[in-house]
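Below is one structure, written out as structure tokens, with a few remarks after it.
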Amino acid sequence: MTRRHSSPRQRPGASPPKGNGRLRIIGGEYRRRLLPVLDRPGLRPTPDRVRETLFNWLATITPGARVLDLFAGTGALGLEALSRGAAEALFVERDGLVARALTDNLDTLGAMDRGRVHTGDALALLAAGPAADPPFSLVFLDPPFRQGLAGPCCERLEQGWLSADAWIYLETETALEVSVPVNWSPYREVRAGDSTGRLYCRRPPPPATPLAE
């Protein structure tokens with residue numbers, strides 16, 4: 001979970017600022033591992049209670065999944081997925097220092113062979129279209145609040161990024177009425193503070209009905 005305001009620019013090569021925060025992996029291979037959280041405005045992991053609830057829902061989905069963690073921040077959700085058996089994860093984070101810290105945490109866990117960090121804007125990456133790799137079967141989408149990013153990201157995910165039966169976890173401010181693609185079926189939701197997380201299961205759109213002659 002990443003909630004940011006603008007922050008001062010860092011000079012190239014500057015060391016990431018240290019922080020006292022910690023991210024705790026709560027299940028799987030890396031269970032109970034503690035990882036440092038960078039001291040950046042608005043940067044905080046998704047709460048343990050929410051992660052535990054979410055991954056209980058995803059217990060049979062996560063093993064072997066190809067994961068896309070958009071607006072990754074601390075990478076709490078993607079790292080938890082790797083701990084619980086996801087095959088690989090792509091983390092997308094535009095803040096260069098946060099991305100470096102996330103890479104360091106992957107290295108600390110010995111997960112560099114399964115985790116990759118893309119430093120850049122999530123919406124721009126989605127707009128550019130997917131690479132030739134297989135589509136993603138599990139997506140975590142947690143855009144900054146009140147910036148109008150949730151709807152466009154959902155639309156662009158449908159442009160070749162998702163497997164036919166993908167699962168998408170979308171977290172937004174509770175007051176936001178989100179419009180998602182019609183073939184995303186709501187499964188569960190969880191609230192924490194001023195945010196609501198919604199889990200959807202994607203179904204392929206129905207075949208077009210032939211026009212009557």
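Could you tell me whether any residue of the stretch 136-152 is polar (S, T, N, Q) and either in contact with a helix residue (DSSP H, G or I) (Cβ under 9 Å, 6 or more places away or on another chain) or touching a residue at least 24 places away in the same chain (Cβ under 8 Å) (or both)? Before the answer, list the steps.
Initially, the stretch 136-152 is screened for residues polar (S, T, N, Q), giving 137, 147.
Still in the list and also either in contact with a helix residue (DSSP H, G or I) (Cβ under 9 Å, 6 or more places away or on another chain) or touching a residue at least 24 places away in the same chain (Cβ under 8 Å) (or both): 137.
Yes; the residues of the stretch 136-152 include at least one that is polar (S, T, N, Q) and either in contact with a helix residue (DSSP H, G or I) (Cβ under 9 Å, 6 or more places away or on another chain) or touching a residue at least 24 places away in the same chain (Cβ under 8 Å) (or both).
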### Message
Being at pLDDT 95 or above, within 24 Å of GLY160 (Cβ to Cβ), surrounded by fewer than 20 Cβ atoms within 10 Å (Cβ to Cβ) and not basic (Lys, Arg) narrows it down to one residue among GLY110, GLY120; which is it?
### Response
GLY120
### Message
Going residue by residue through the stretch 60-70, is there one that turns out to be at pLDDT 95 or above, surrounded by fewer than 18 Cβ atoms within 10 Å (Cβ to Cβ) and of a type in the set (S, T, N, Q)?
### Response
yes
### Message
Just the residues that are assigned to a helix (DSSP H, G or I) and in contact with a Ser or Thr (Cβ under 9 Å, 6 or more places away or on another chain), please, taken from the stretch 41-78.
### Response
VAL50, LEU54, PHE55, ALA76, LEU77
### Query
Counting just the residues of the stretch 1-48 that are among the polar types (S, T, N, Q) and at pLDDT 50 or above, which one comes out farthest from the chain's Cα centre (by Cα)?
ASN20
### Message
Looking only at the stretch 33-44, how many residues end up being over 19 Å from MET112 (Cα atoms) and surrounded by fewer than 17 Cβ atoms within 10 Å (Cβ to Cβ)?
### Response
4
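The values are calculated or read from the model by the stated rules, or taken from the named source; none is laboratory data. Computed from a predicted model, the values in this text were never measured in an experiment. Here the Cβ is made from the backbone with ideal geometry for all residues, glycine too, and neighbour counts use every protein chain on show.
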